[in-house]
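Data block below; observations after.
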Amino acid sequence: MLAPQRRYMDRLYTNLDLAGLTRRINEIQQQLIRMAAAKTYSHPPTQHDDLTSTLAEARGKHFASILT
C-alpha cells in the first residue's frame, strides 16, 4: 500500500524540482536579456546611427520646405 504512495510522492518531488529548475532558468534568461539590452543601448554611435540621423534630418528639412 505504501509503494504507490511513495511513487506518487517521488514523482511529485521530481516535478516540483523541475519546476524550480525551470523557474531558475527563466530568471537567468531574463538577466541575460537585460544585460544584452543594456549593452546594446550603451554602445557608441555607429555609422548606421549616423546615417539614420542624417536621413531624419533630411526628411525634416524636406517637410519644412514643403510647409513654407
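Observations, loosely collected:
- Point-to-point label distance, Leu18-Arg34, nm (Cα→Cβ direction, 7 Å offset): 2.9
- Note on Tyr41 and Glu57: their simple-model spin labels are 2.5 nm apart, each label 7 Å out from Cα toward Cβ.
- Placing a pseudo-label 7 Å from each Cα along the Cα-to-Cβ vector at Glu27 and Tyr8 gives an inter-label distance of 3.1 nm.
Each value in this text was obtained by applying a stated rule to the coordinates, not by laboratory testing. Since the model is a prediction, treat every value here as computed from it, not as a measurement. With ideal geometry, Cβ positions are generated from the backbone for all residues, glycine too; neighbour counts draw on all protein chains shown.
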